[in-house]
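The values are calculated or read from the model by the stated rules, or taken from the named source; none is laboratory data. Treat the numbers as computed from the prediction; the structure is a model and nothing was measured. Positions of Cβ are generated from backbone atoms using ideal geometry, with glycine treated the same way; all protein chains shown enter the neighbour counts.
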Amino acid sequence: MQTERTVHEELERLLREVELPRVALVEQRMDTPPALPDIRESVREALGSVKLPGGSVAIGVGSRGVARIGAVVAALVEVLKEAGAEPFVVPAMGSHGASTAEGQAEVLAHLGVSEEQVGCPVRATMETVRIGTTPAGVAVYMDRNAWEADAVVVVNRVKPHTAFRGRVESGPTKMLAIGLGKQRGAHSIHSAGWGEIHNTIPDAARVAVESGKVAFGLATVENADEEPCKIVAIPAADLENGEAPLLEEAKKNLARLPFDDIDILIVDEIGKNISGDGADPNVTGRYPTPHAEGGPAVQILAYLGLTAETGGNANGLGMADVVTERLASAMDRPATYMNALTSTTPLPVKTPMVMPDDRSAIAAALMMCAGVAPEGVRLVRIANTLKLRRMWVSEALLGEVEKHESLAIFQEARPMSFGADGSLL
């Protein structure tokens, strides 16, 4: 049956006619601990509380966007060498880097952890050794190079996890259980079930510690600006007990959105260098499993682009309701799907509604915002979930901004601006 206009033309007309709200630039003041002024000295001070191993020492380093990770590892290598050890770095990142040895070494180099940058070899492999099982029967694996070393040290940031809640979440304990287990070990832990992972991770880490291989964990805690504000060395035997209070500090330091109810949240970019889930669910309120909660109630979530640093890994795009063609076309499907296969969470890699450009995506979000009049829409736009000191908000939120002691209007409300290609300016 012939129609005067195609469905595509009708869609364009509908979206073009949507009136977008005016937005103001708001600045958020966050009370947060100061960044450490000297990473090298802070690492040296922290290491004074643990016994340094000798012989060959494998240093497990992960792939998340841990601030100043290159400087932290370089300082650790320096101290270990002074103590007579022979350190080398191993990627401790599960299946990241497309689950290849070369890919994982490239990820580390991009983060500033290469032989030239940290002063010791980087030995990458996806080969593992099964080192035992948890009391529940979950197999525990370790990177072969790490297992064959005389000692193992892990370096990681302590922070709230994006998919579960527990006494320990993301940090050295998780790195021992999952990161050093490579793809096989990570899948083994996740396959035991997200409902039990808060127990499985500590149980698996204990298997690694009881092997006698692990010397200590070097943990960083970051402030609201994603800068290290504390570095602590925790002996292997005390790892879980030492990490738990650091998690509570990290939770207090986490930057969050200042609104509890948001009709539309627009995130300019997502990527693995920002969060394991592309955008941190602790900020967006959208979680990949039912075993974590917190953050604002968001009716419609829109993602506009991928970071260059994520290398096409679009894990997390499935949490959005609408994305742009720019984001969808930049997605490397194998790299993205590897996350879902290893973590057993398909939701974050599902493809949501795809719109041709930024303006169309925002217009679509407005059209789907049920029960909200255009002039009353509570819209927030952020660069990404790490950068929350400044954000654009619609006029409907300005009353709350004026009452909030930590918020101030930086630029008065104005119409949203777009380039000729429909991209937000």
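Values computed for the structure shown
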{"quantity": "Any hit, the stretch 304-315, residues being modelled with pLDDT of 95 or more, part of a strand (DSSP E or B) and not hydroxyl-bearing (Ser, Thr, Tyr)", "calculated": "yes"}
{"quantity": "Subset of the stretch 43-64 [modelled with pLDDT of 95 or more and among the charged types (D, E, K, R)]", "calculated": "44, 45, 51"}
{"quantity": "Matching residues in the stretch 42-63 - criterion: being touching a His at 6+ places or on another chain (Cβ under 9 Å) and either without any contact (Cβ under 8 Å) to a residue 40 or more places away in the chain or of a type outside the set (S, T, N, Q) (or both)", "calculated": "62"}
{"quantity": "Residue among 43, 50, 26 that is part of a strand (DSSP E or B), touching a strand residue (DSSP E or B) at 6+ places or on another chain (Cβ under 7 Å) and crowded, with 16+ Cβ neighbours inside 10 Å", "calculated": "26"}
{"quantity": "Residue 380 being of a type outside the set (Ser, Thr, Tyr), within 12 Å of residue 26 (Cβ to Cβ), buried (at least 21 other Cβ atoms within 10 Å of the Cβ) and in contact with a helix residue (DSSP H, G or I) (Cβ under 8 Å, 6 or more places away or on another chain)", "calculated": "yes"}
{"quantity": "Counted residues, the stretch 54-75 - those being farther than 15 Å from residue 172 by Cα and either in a strand (DSSP E or B) or in contact with a Leu (Cβ under 8 Å, 6 or more places away or on another chain) (or both)", "calculated": "3"}
{"quantity": "Which listed residue, of 18, 107, is within 30 Å of residue 257 (Cα to Cα), among the β-branched types (Val, Ile, Thr), surrounded by fewer than 18 Cβ atoms within 10 Å (Cβ to Cβ) and in contact (Cβ under 8 Å) with a residue 40 or more places away in the chain", "calculated": "18"}
{"quantity": "Residue 359 being under 30 Å from residue 67 (Cα atoms) and either in a helix (DSSP H, G or I) or in contact with a strand residue (DSSP E or B) (Cβ under 7 Å, 6 or more places away or on another chain) (or both)", "calculated": "no"}
{"quantity": "Number of positions in the stretch 376-425 that are among the hydroxyl-bearing types (Ser, Thr, Tyr) and not in a loop (DSSP other than H, G, I, E, B)", "calculated": "1"}
{"quantity": "Residues located in the stretch 29-40, provided they are of a type in the set (D, E, K, R) and loosely packed, with under 15 Cβ neighbours inside 10 Å", "calculated": "29, 31, 38"}
{"quantity": "Hits in the stretch 284-317 - residues which are β-branched (Val, Ile, Thr) and either more than 29 Å from residue 104 (Cα to Cα) or buried (at least 24 other Cβ atoms within 10 Å of the Cβ) (or both)", "calculated": "284, 298, 300"}
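Residues are listed down the side, and each one gets a yes or a no for (1) closer than 21 Å to residue 104 by Cβ; (2) in contact (Cβ under 8 Å) with a residue 12 or more places away in the chain; (3) in contact with a helix residue (DSSP H, G or I) (Cβ under 6 Å, 6 or more places away or on another chain):
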residue	(1), (2), (3)
177	yes, yes, yes
183	yes, yes, yes
192	no, yes, yes
197	no, yes, no
